[in-house]
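As structure tokens, the structure follows; a few thoughts come after it.
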Amino acid sequence: MRRFASWMPAQLRGVLLLALCLTVAGCGMGGEEKYPGERKPGDPAPSYGPPASVFGEGGLTIGGAEKPSDQTEGGGTGIGVNSFLWRASLDTVAFMPLVSADPFGGVIITDWYSPPQSPSERFKVNIYILGRALRADGLRASVFRQQQDTTAGWIDAPVASNTATDLENAILTRARQMRIAQLGQ
């Protein structure tokens, strides 16, 4: 053994020994032990069952509803925000190219889009879904506009004050339609 390990630095030997110990310790010796749960007053014997989860009684849920009320609220599709607002937002800006869509953070960012009617201007939209409830204050939209200048390239231009509000209202209307359609099924 001494001859085998003599060419290895001491630190590498220590790392390998630690890895070997952790591997052996992780294997277990003959099966899972079940430890008794908490004994409640009046119970004659401890109950042996599955251990409690660090994520709570139901464990960690990915891709499904945590409780039945989440599905009626529109938040039970495994995303961090209201699913009706999320899908309605994507439907509403489907004609624009997407740069980023984060369903857990509730952020949709589009790339610049030039309408065919006016190729000398372009628009960009950022949509923020702020919660799990289908409410008007759970959504924010920002609209940016640029115009093409022959000498300076693209320059920022003002956007009509009601453009972001109209976009939010279109998304909310679509989300309500989706919710009503789901409740009717």
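Taken together, the values in this text are just the output of simple stated rules run on the coordinates, not laboratory data. Treat the numbers as computed from the prediction; the structure is a model and nothing was measured. Note that we place each Cβ from the backbone using ideal geometry, even for glycine, and neighbour counts take in every protein chain shown.
Taking H placed 1.01 Å from N in the peptide plane, check which residues at least 5 places from Ala157 or on another chain put their amide H under 5 Å from its amide H.
Those lying under 5 Å, H to H, from Ala157 are Arg145, Gln146, Gln147.
Return Leu183, Leu85 ranked ascending by Cβ neighbour count within 10 Å, so the fewest neighbours appear first.
On the way: Leu183 8, Leu85 28.
In order of increasing Cβ crowding within 10 Å: Leu183, Leu85.
Going 7 Å from the Cα of Ala136 toward and past its Cβ, which residues in segment 155-185 have a backbone nitrogen under 11 Å from where you end up?
The answer is 169.
As a footprinting exposure proxy, order Ile79, Ile127 by other Cβ within 10 Å, with the fewest listed first.
Numbers: Ile79 19, Ile127 26.
Fewest-to-most ranking of Ile79, Ile127: Ile79, Ile127.
Which trypsin sites (Lys or Arg not before Pro) in segment 71-173 pass both tests, a DSSP loop state and at most 14 other beta-carbon atoms within 10 Å? Provide the component values of the computation, followed by the final result.
Working: sites: Arg87, Arg122, Lys124, Arg132, Arg135, Arg140, Arg145; in loops: Arg132, Arg135.
Taking segment 71-173 and a limit of 14 other Cβ atoms within 10 Å, the loop trypsin sites (Lys or Arg not before Pro) found are Arg135.
For Trp86, Trp112, Trp154, what ranking results if the residue with the fewest other Cβ atoms within 10 Å of its Cβ goes first? Walk me through the numbers on the way to the answer.
Working: Trp86 23, Trp112 16, Trp154 13.
So the ranking, lowest neighbour count to highest, is Trp154, Trp112, Trp86.
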